[in-house]
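Written below as structure tokens is the structure these notes are about.
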Amino acid sequence: MSKVLIIGAGGVGSVVVHKCAQAADVFSEICLASRTIDKCEKIKKQVRRPITTAKVDADHPAEVVALIEKFRPDIVVNTALPYQDLSIMEACLQTGVNYLDTANYEPPDEARFCYKWQWDYHDRFKDKGIMALLGCGFDPGVTNVFCAHALKNHFDQIHTIDILDCNAGTHGHPFATNFNPEINIREITQRGKYFEDGKWFEIDPLSVHVPFDYPEIGPRESYLLYHEEMESLVKNIDGLKRIRFWMTFGQEYLTHLRVLQNVGMTRIDPVEFEGRQVVPLKFLKALLPDPGSLGVNYTGKTNIGCLINGIKGGRKKQYYIYNVCSHADCFREVNAQAVSYTTGVPAMIGALLVVSGTWKGRGVFNVEEFDPAPFMAKLPVYGLAWVEKELDPEKDYLVADENRL
Ligand code: NDP
């Protein structure tokens, strides 16, 4: 029996709470803490089991240390923002508690997320005899586990990986983001980047796109972006020649984004306004719908997966593995839309594997460094079924729409 402390009462944090509550045989006590206590109380009312709540500003390690010392958790699940990763890791180090998150650190004043800041904690976590599990949402998270599963069971060597993330849902708002607006817009407006033949290549934001035929959804224009799991997969999948990440966007979303960029609303540097310093993107976040509230009328599905090429038994092989998730089904189950759900479920599974000792380590790790089997087995049990199929190894499904799946 284990105690879990979840920090961050947003869309993702709410799903982690609901899912930990479902795994009562593992998580005997749950504490949800966040900057705004009202949000914790609202989630507490939705959960069938009793949970405790607390107010914490996770930008201050001392506040997190005090909370950990009071609640004494076996693991801290960080579902606040990437800005809090290092302060929560510091607090875990000081108190000797395991750590898990779903997004890598980025400094507030610079849209540059990368693992270095967190990987640099490896020796300190190792010396303390605890572990940090990084990027355990869907992408990063399940996509990394899909790659580890493919390597273990379907390939002798993986040469290329294309991660394909499609949200074909409709929430009824002209413009909204499916997770924290500030983090989401920072990610999308930065330059795209992919890895090929040992080098990283940069492209202008959203300048490369192809149609891909997503199962249960159909063809959708998919845009090449930089995404954090590529950094760890390049490090952890030996012999990888190319990795790219693709995400779908509708024309309505892209038009809004372009206008907001053109008028300066996506800037992250402070602007003086009536004697105060205002960061335009933070102000925009205050105007946009809360991602946690989008679920009510959300219809349609998400499909996220990995298209992988490589060699098995001396022959070329192409393999595709994915999950399809319905927004409405997620809302019925846990009051959340599918993007929060597909992130929160794997975070809970990762926490479960750490506290049960199934995934054991001392130091800082990415999920693909562990045996994928127990994680893959738990995914359908907790609501994320996966499908795998072998495709024609001679076809390029990402160049033109004549190559339908
Ligand atoms: P939300 O904005 O809905 O929730 C974030 C929560 O964190 C809010 O409740 C917020 O509190 C709280 N918070 C912010 N700053 C602090 C702080 N200093 N101390 C304590 N609490 C704080 O975001 P999401 O739930 O949509 O996303 C959560 C995380 O999940 C993000 O890091 C995001 O990048 C990641 N993510 C990962 C994905 C994956 O597949 N790997 C996919 C989607 C998201 P307040 O209400 O007071 O602002």
Check your understanding: Taking the range 28-51, which residues are under 16 Å from K70 (Cβ atoms), hydrophobic (A, V, I, L, M, F, W, C) and near the ligand (Cβ under 10 Å from one of its atoms)?
Key -> L32, A33, I37, C40
Study note, to complete from the structure: Taking the range 167-184 and the residues there that are within 14 Å of the ligand (Cβ to nearest atom) and among the polar types (S, T, N, Q), the one that is surrounded by the most Cβ atoms within 10 Å (Cβ to Cβ) would be N167
Practice item. Hey, can you tell me all the residues within the range 126-164 that are more than 21 Å from the chain's Cα centre (by Cα) and either surrounded by 24 or more Cβ atoms within 10 Å (Cβ to Cβ) or not assigned by TED's automatic domain parsing to the domain that holds I243 (or both)? Key: K126, D127, K128, G129, I130, I158
Check your understanding: Can you tell me which of A91, A58, A54 is of a type outside the set (F, W, Y), on the phi < 0 side of the Ramachandran plot, in contact with a Gly (Cβ under 8 Å, 6 or more places away or on another chain) and outside the structural domain of R332 (by TED's automatic domain parsing)?
Key -> A58
Point to revise | Restricting the range 284-299 to residues that are buried (at least 17 other Cβ atoms within 10 Å of the Cβ) and farther than 9 Å from P181 by Cβ, the residue that is nearest to the ligand (Cβ to nearest atom) | key: G292
Review point. Before we move on, is A54 in a loop (DSSP other than H, G, I, E, B), within 13 Å of the ligand (Cβ to nearest atom) and buried (at least 17 other Cβ atoms within 10 Å of the Cβ)?
Key: no
Revision key, fill the gap. Within the range 135-157, the count of residues that are hydrophobic (A, V, I, L, M, F, W, C) and within 16 Å of F245 (Cα to Cα) comes to 5
Point to revise | Boolean, K70 is without any contact (Cβ under 8 Å) to a residue 24 or more places away in the chain and away from the ligand (no atom under 13 Å from the Cβ) | key: yes
Exercise for review: Tell me, yes or no, whether the range 220-234 has at least one residue that is surrounded by fewer than 20 Cβ atoms within 10 Å (Cβ to Cβ), assigned to a helix (DSSP H, G or I) and touching a strand residue (DSSP E or B) at 6+ places or on another chain (Cβ under 8 Å).
Suggested key: yes
Review point. Of all the strands (runs of 3 or more DSSP E) wholly in the range 74-187, which have at least 3 residues that are in contact with a Ser or Thr (Cβ under 6 Å, 6 or more places away or on another chain) and touching a residue at least 60 places away in the same chain (Cβ under 8 Å)?
Key: 157-167
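The values are calculated or read from the model by the stated rules, or taken from the named source; none is laboratory data. What you see is a predicted model, and the numbers here were worked out from it, not measured in a lab. Glycine also receives a Cβ, built like all others from the backbone with ideal geometry; neighbour counts cover every protein chain displayed.
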